Amino acid sequence: MSAAGPDLDFLVLGAGMAGMSAAARAAQAGARVAVVERAPEPGGSAVFAEFIWTAPSVTVMREVNPEGDPALARAAVEGFAPAIDWVRSLGVTVGEPVELLGYGVGHQTDMAALFRAYRAAVEGAGGVILTEAEPLRLLVEDGAVRGAEVRLAGGEARELRAPATLLATGGYAGDRELRARHIHPNAADLPLRANRYSAGAGLRLGEEAGAAFGLEDACFYGHLMARGLAMPDGSEIAVNTFFHSEHGVLVNLEGERFHDETVGDQLNAIALVEQPEARALLITDRRVHDEWMLRPYVKGLEPVDKFQLAYRRGARCATAADLDEFEALPPEWGYPGAKVREALVEFNRRCEAGDPLPTRVRDAQPLVDPPYYVVEVTTGITFTMGGVRTDADARALDAAGAPIPGLLAAGADAGGLYKRAYAGGLAPALVFGMRAAETAVAANGGG
Ligand SMILES: Cc1cc2nc3c(=O)[nH]c(=O)nc-3n(C[C@H](O)[C@H](O)[C@H](O)COP(=O)(O)OP(=O)(O)OC[C@H]3O[C@@H](n4cnc5c(N)ncnc54)[C@H](O)[C@@H]3O)c2cc1C
């Protein structure tokens with residue numbers, strides 16, 4: 001096969017979890033595949049990740065993600081076990097089931113090995129992976145997508161024609177303007193906790209071809225992290241993630257709690273974007289520090305003292321021997337110390353009365369075990385959830401809900417599965433990447 005020839009069956013834009021799952025699956029079915037990847041290597045954010053997981057049943061998925069598209073939710077959950085079997089069939093080590101985030105189940109997976117297996121499947125079948133290349137525009141003929149014009153590594157532009165094209169560029173977390181438009185004006189300036197290449201190419205190309213955006217206000221998956229810390233490289237991202245915020249108290253620049261912190265750090269991250277300057281103090285006491293921060297977020301992982309780490313790296317951190325010390329918060333931080341102290345006293349008083357406000361659905365214990373640990377946090381965005389609307393076969397849909405011939409989307413480029421909720425990123429990218437391959441192969445007469 002020639003990458004430049006008109007004889008591709010499947011063109012995949014983006015070589016991360018969704019794109020490489022799709023490319024490998026289609027190549028196994030005999031399709032002639034080309035993958036276009038902007039970075040020097042395939043892998044995207046997926047190579048920083050570890051656990052392929054999702055909700056264990058459709059019921060749980062609907063409980064944690066009630067506003068997501070029910071058909072996509074069902075397809076994601078039902079496709080999970082066969083997808084894991086397929087990953088195992090590629091010779092990749094997949095761990096025993098473990099619990100994640102208190103409601104999910106998944107498997108620690110050797111992601112580097114998975115991407116080696118994907119590459120072998122694609123290239124072994126004669127497919128090509130074009131790195132340091134990117135799509136310039138989709139080729140649209142009579143309303144159908146017929147491939148893309150691509151800028152290759154050397155700068156040359158080339159048309160890659162194919163009856164099916166998959167958008168799998170990983171969403172728009174890396175684009176300030178799209179974040180401000182689709183998430184919140186504060187989101188423009190938030191740090192990224194993901195690969196730096198995913199900047200909305202798939203969404204822009206899809207919309208130019210007539211695809212609809214959705215779900216509105218779907219937001220993103222992210223976590224709280226120490227504000228102002230540079231992320232030296234991707235592998236550090238998970239270490240600088242405050243999963244334990246769901247047992248602490250968040251106080252905004254006005255010195256007020258604003259949200260039920262116990263719903264989960266990933267939802268605290270969304271709530272914080274809407275607060276003044278998207279920053280807050282995360283306050284814990286010794287109990288939360290010892291029982292939750294020092295506990296690995298998945299059984300078996302090494303615990304890390306994230307407070308110490310943030311402190312050593314120069315983030316805004318402090319300890320306090322009692323609540324009165326909050327009156328002396330450094331003025332340059334910009335928080336009204338007396339009001340912060342009052343908010344904590346009130347929180348403790350209401351917890352003791354069994355009536356915290358905002359409410360606490362889980363850990364409603366007061367913070368009464370000094371010292372207190374204070375770190376200023378902001379939201380780090382991992383991947384965006386709104387995207388090109390798709391159906392359960394990964395077909396891109398127009399505003400009327402009709403499939404756009406020849407256009408597919410999967411992973412974070414696809415919207416609809418989640419709205420302000422999260423039950424895994426790798427699993428839907430894998431499941432709908434496989435679906436996209438199957439749709440492309442079927443449309444092509446079986447590959
Ligand atoms: C630190 C970290 C830890 C994580 N841990 C987990 C976890 O344990 N479990 C889990 O389920 N999820 C986890 N995730 C999320 C998970 O990595 C993503 O949900 C998943 O990778 C999404 O797949 P994707 O294919 O949409 O995007 P990606 O895997 O990011 O792939 C997108 C690809 O598209 C490429 N690209 C971007 N723009 C272009 C362009 N214009 N042209 C060509 N190529 C382009 C990118 O370079 C990238 O290779 C984690 C993410 C991070 C950052």
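Going by the conditions given, is Ala209 crowded, with 19+ Cβ neighbours inside 10 Å, within 16 Å of the ligand (Cβ to nearest atom) and assigned by TED's automatic domain parsing to the domain that holds Pro405? Considered against the rule, which asks whether it is crowded, with 19+ Cβ neighbours inside 10 Å, within 16 Å of the ligand (Cβ to nearest atom) and assigned by TED's automatic domain parsing to the domain that holds Pro405, Ala209 comes out as yes. From the list Ala209, Ala173, the one residue that fits, being within 21 Å of Phe10 (Cβ to Cβ) and among the small types (Gly, Ala, Ser), is Ala209. Scanning the stretch 150-197 for residues that are more than 12 Å from the ligand (Cβ to nearest atom) and among the charged types (D, E, K, R) yields a total of 9. Screening Gly155 against (1) under 25 Å from Ala46 (Cα atoms); (2) not in a strand (DSSP E or B) leaves a single unmet condition, (1).
I'd like to know if the stretch 191-205 contains one or more residues that are in contact with a Lys or Arg (Cβ under 8 Å, 6 or more places away or on another chain), crowded, with 21+ Cβ neighbours inside 10 Å and in a strand (DSSP E or B). No, there is no match, as no residue in the stretch 191-205 is in contact with a Lys or Arg (Cβ under 8 Å, 6 or more places away or on another chain), crowded, with 21+ Cβ neighbours inside 10 Å and in a strand (DSSP E or B). Inclusion of Ile84 among residues that are under 23 Å from Val33 (Cβ atoms), without any contact (Cβ under 8 Å) to a residue 40 or more places away in the chain and β-branched (Val, Ile, Thr) is warranted.
Against the list (1) in contact with a strand residue (DSSP E or B) (Cβ under 8 Å, 6 or more places away or on another chain); (2) closer than 21 Å to Leu130 by Cβ, the condition Arg25 fails is (1). Within the stretch 302-313, residues that are more than 10 Å from Val375 (Cα to Cα) have Cβ atoms under 6 Å from residues that are loosely packed, with under 12 Cβ neighbours inside 10 Å in these pairs: Pro303/Pro296, counting only partners at least 6 apart in sequence or on another chain. Per the listing Gly425, Gly415, the residue uniquely in contact with a Lys or Arg (Cβ under 6 Å, 6 or more places away or on another chain) and either surrounded by fewer than 15 Cβ atoms within 10 Å (Cβ to Cβ) or assigned by TED's automatic domain parsing to the domain that holds Ala75 (or both) is Gly415.
Here is a yes/no grid of residues against (1) in contact with a helix residue (DSSP H, G or I) (Cβ under 8 Å, 6 or more places away or on another chain); (2) among the aromatic types (Phe, Trp, Tyr); (3) not in a strand (DSSP E or B):
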position: Ala117; (1), (2), (3): yes, no, yes
position: Glu132; (1), (2), (3): no, no, yes
position: Leu139; (1), (2), (3): no, no, no
position: Gly147; (1), (2), (3): no, no, no
position: Val150; (1), (2), (3): no, no, no
position: Leu160; (1), (2), (3): no, no, no
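Restricting attention to the stretch 34-79, the residues that are of a type in the set (D, E, K, R) and within 12 Å of the ligand (Cβ to nearest atom) total 4. Considering each residue of the stretch 402-418 in turn, at least one proves to be closer than 18 Å to Gly214 by Cα, away from the ligand (no atom under 16 Å from the Cβ), without any contact (Cβ under 8 Å) to a residue 12 or more places away in the chain and not basic (Lys, Arg). Checked across the stretch 383-404, the condition of being in the same structural domain as Ala83 (by TED's automatic domain parsing) and in a helix (DSSP H, G or I) holds for no residue. Listed conditions (1) within 20 Å of Phe48 (Cβ to Cβ); (2) more than 11 Å from the ligand (Cβ to nearest atom) are all met by Ile237, apart from (2). Among the residues here, Ala24 qualifies as more than 10 Å from the ligand (Cβ to nearest atom), buried (at least 22 other Cβ atoms within 10 Å of the Cβ) and at pLDDT 95 or above.
Test Gly30 against the criterion of being away from the ligand (no atom under 15 Å from the Cβ) and either outside any helix (DSSP H, G or I) or in contact (Cβ under 8 Å) with a residue 12 or more places away in the chain (or both), and give yes or no. Against the criterion (away from the ligand (no atom under 15 Å from the Cβ) and either outside any helix (DSSP H, G or I) or in contact (Cβ under 8 Å) with a residue 12 or more places away in the chain (or both)), Gly30 qualifies.
The listed residues are Glu291, Glu256, Glu274, Glu302, and the only one of them that is more than 16 Å from the ligand (Cβ to nearest atom), more than 18 Å from the chain's Cα centre (by Cα) and surrounded by fewer than 16 Cβ atoms within 10 Å (Cβ to Cβ) turns out to be Glu291.
Of the residues making up the stretch 338-367, those that are over 20 Å from Asn268 (Cβ atoms), surrounded by fewer than 18 Cβ atoms within 10 Å (Cβ to Cβ) and without any contact (Cβ under 8 Å) to a residue 40 or more places away in the chain are Val345, Arg349, Glu352, Ala353, Gly354, Asp355.
The values are calculated or read from the model by the stated rules, or taken from the named source; none is laboratory data. From a predicted model like this one, the values you see are computed outputs, not experimental measurements. A quick note on method: Cβ atoms are made from the backbone with ideal geometry, for glycine too, and the neighbour counts reach across all protein chains shown.
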